[in-house]
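Novice: Sharing a structure with you now.
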Amino acid sequence: MGWLVRREATAPGVYLEPQRLLAAVGAARFERQDEPFVHYRAFDRDEAEAHQLVFASLAVSDEVVGYGGPLNLLVAVDRRGVVRRVALLSSKETPPT
């Protein structure tokens, strides 16, 4: 993960609410980790090893941008490094007309 840049943990949009995590990934439980950046380990029921890692893109970089500025994406990656979900958390994009 050498290409990841650690952002300040106080940056807006870095922490994810439990309801948002549950809706996005549907795991039985989550554990927040603050190093090397804020992320959440997702566990299925009775599992000792996390099956997914979930984070907000702003926890890693502010260089994910659209026309209106930075985008904050929820990203879920499985044990093999396969991206399982990407969802928009926030943006300043103009809504379509």
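Novice: What number of residues within the stretch 76-86 satisfy the criterion of being in a strand (DSSP E or B) and exposed (fewer than 15 other Cβ atoms within 10 Å of the Cβ)?
Specialist: The number of residues fulfilling the criteria is 3.
Novice: Given the criteria in contact with a Gly (Cβ under 9 Å, 6 or more places away or on another chain), assigned to a strand (DSSP E or B) and either at pLDDT below 95 or not charged (D, E, K, R) (or both), does residue 42 qualify? So that I can check it myself, show each step before the final result.
Specialist: Values: in contact with a Gly (Cβ under 9 Å, 6 or more places away or on another chain): yes; assigned to a strand (DSSP E or B): yes; either at pLDDT below 95 or not charged (D, E, K, R) (or both): yes.
Yes.
Novice: Turning to a different aspect of this structure: Taking the stretch 56-75, which residues are hydrophobic (A, V, I, L, M, F, W, C) and either in a helix (DSSP H, G or I) or touching a residue at least 24 places away in the same chain (Cβ under 8 Å) (or both)?
Specialist: Here is the first cut: in the stretch 56-75, the ones hydrophobic (A, V, I, L, M, F, W, C) are 56, 58-60, 64-65, 71, 73-75.
Of everything in the stretch 56-75, those that are hydrophobic (A, V, I, L, M, F, W, C) and either in a helix (DSSP H, G or I) or touching a residue at least 24 places away in the same chain (Cβ under 8 Å) (or both) turn out to be 56, 58, 59, 60, 74.
Novice: Residue 24: surrounded by 12 or more Cβ atoms within 10 Å (Cβ to Cβ), at pLDDT below 95 and part of a loop (DSSP other than H, G, I, E, B), yes or no? Step through it out loud before you land on a result.
Specialist: Values: surrounded by 12 or more Cβ atoms within 10 Å (Cβ to Cβ): yes; at pLDDT below 95: yes; part of a loop (DSSP other than H, G, I, E, B): no.
Answer is no for this residue.
Novice: While we're looking at this one, here's another question. State yes or no: is residue 89 in a strand (DSSP E or B) and surrounded by 12 or more Cβ atoms within 10 Å (Cβ to Cβ)? Steps first, answer last, please.
Specialist: Working: in a strand (DSSP E or B): yes; surrounded by 12 or more Cβ atoms within 10 Å (Cβ to Cβ): yes.
Here the answer is yes, as residue 89 does meet what is asked.
Novice: Right, something else. Starting from the stretch 29-47, take each residue that is without any contact (Cβ under 8 Å) to a residue 40 or more places away in the chain and list its partners that are assigned to a strand (DSSP E or B) and of a type in the set (Gly, Ala, Ser), counting only C-beta distances under 7 angstrom and pairs at least six apart or across chains.
Specialist: 30/42
The values are calculated or read from the model by the stated rules, or taken from the named source; none is laboratory data. These figures come from a predicted structure and were not determined experimentally. No Cβ is skipped: glycine too gets one built from the backbone with ideal geometry, and neighbour counts run over all protein chains shown.
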